[in-house]
Amino acid sequence: MDSNYDVIIIGAGPAGLTAAVYAGRAGLKTAMLEPEAPGGKMVKTDIICNYPGVDNVTGVDLSMKMFEHSTSYGTEYLYGRVVEIVDEGDWKIVKTEDGNSYQSHVVIVATGTNERTLGFAGDDALLGHGLSYCAVCDGAFFKEKHVVVIGGGNSALEESVYLTQFAKKVTLVIRRDVFRGDDSSQRQVLNNDKIEVLRKHVPVDYIEKDGRIAGMKFKNVDTEEVCEIDAEGVFPYIGAIPATDFLKNHEGVLDSEGYMIVGDDLQSVVPGIYGAGDVIQKHLRQIVTATSDGAVTAQNAFSYIQDLKSKA
Ligand code: NAP
């Protein structure tokens, strides 16, 4: 297999898939590397209502449409979890966990973020045993059960509402007395009879019985009183960690939280390495801002490669 490309896109969420459309249409030899299903966080989302032109679409449908579009101009979709990028100037060597390596003039990093975990001893053992980070994947297992959702951002608000179609009751626990998520999602939560909101409480630990979630302990932030909530399911939605471990050996590319630092052209301090989507420092992490980044990076990759070739 020829493993030389003009552009390698790492990650097949909305940013990566859009970069693939634009790079393919620009005639660049392009590969996209992804270790999971295409769509990124979109594919784990129930309904998407804020992507212009499609006011109500399932995350799976939008992911599949973007995926089909992304490969229709010749971009190759390759399996692979990237562990390292070696900068050799005009060429970047992209290495994957399974020992493959690819090279390209430009790398577009669109790896997004992973779920932040609570940091309790049961995080690993209880995963899949009542603990889940994906309501769309696992919600149906909680038919007529009581579930707890933790967090006040858009993810927690939206997934709480989603879970009400299965669960008998959803208790949404936030650590302040206000939500972080947008007004529209807040309204949907507050107007849903199946959702009870518990404010100013922080999680203390899981309650476990026979290797499964049996509930959750919370502490009141004002009184420090600890309470126990019996529940069969716990869904933490407490934010995200950028998926950028493979960039740690590149000085100046990441900020202290691991987000990519990029200029207006979305290029990092390493010429030829660009960032797009949730993985970069930005204020608004949305599908529409991710797709915008994807277009910008692919267009800038085209100019970068033209420049490189004109000097050769
Ligand atoms: P987020 O916006 O960062 O919200 C995380 C929530 O978890 C916050 O309410 C935070 O509380 C809480 N939290 C953090 N650590 C905690 C802890 N240890 N214990 C208890 N609570 C904790 O994360 P997100 O909801 O996953 O969203 C990530 C990004 O994607 C955001 O930019 C969001 O706007 C975007 N997004 C958008 C949509 C949409 O537009 N439809 C949907 C999903 C996600 P505090 O508020 O007190 O800090």
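The values are calculated or read from the model by the stated rules, or taken from the named source; none is laboratory data. Just so we're clear, the structure is a prediction, and the values are computed from it rather than from any experiment. No Cβ is skipped: glycine too gets one built from the backbone with ideal geometry, and neighbour counts run over all protein chains shown. In case anyone asks, the SASA skips ligands and DNA or RNA and just uses the protein heavy atoms, side chains included. Shrake-Rupley method; radii C 1.70, N 1.55, O 1.52, S 1.80 Å.
Taking 22 Å as the limit for the C-alpha separation, the pairs Lys248/Lys282; Lys169/Lys200; Lys29/Lys92; Lys41/Lys143; Lys143/Lys200 exceed it in the case of Lys41/Lys143; Lys143/Lys200.
Calculated on C-alpha atoms, the gyration radius of the chain divided by its Kirkwood radius gives an Rg/Rh of 1.02. A simple packing score, the average count of other Cβ atoms within 10 Å per residue, orders the peptides 259-265, 70-76, 13-19 as 13-19, 70-76, 259-265, with the highest score first. For the chain, the longest principal axis of the C-alpha atoms and the axis of helix 14-25 are separated by about 20°. Legend note: in the chain, cysteines whose Cβ sits 4.7 Å or more from every other cysteine Cβ are Cys49, Cys227. Solvent exposure of Glu144, expressed as accessible area, is near 120 Å², computed with a probe of 1.4 Å over the protein chains only. Among 237-249, 35-47, 91-103, 150-162, sorting by the average number of other beta carbon atoms lying within 10 angstrom of each residue, highest first, gives 150-162, 35-47, 237-249, 91-103.
Remark: the chain carries 48 Å² of accessible area per residue (probe radius 1.4 Å; ligands, DNA and RNA excluded).
Compute the long axis of helix 59-71 from its Cα atoms, compare it with the longest principal axis of the Cα atoms of the chain, and write down the angle in degrees, 0 to 90, nearest 10. Taking Cα atoms only, the helix is inclined about 10 degrees.
Here the Debye sum runs over all C-alpha atoms of region 123-236 as equal scatterers in vacuum, and log10 of I(q)/I(0) at q = 0.14 Å⁻¹ comes out as -0.50. Heavy-atom accessible area, probed at 1.4 angstrom with all protein chains present, ranks Ser104, Ser3, Ser292 as Ser292, Ser3, Ser104, highest first. The angle between the Cα long axis of helix 154-163 and the longest principal axis of the Cα atoms of the chain comes to about 60 degrees, rounded to the nearest 10.
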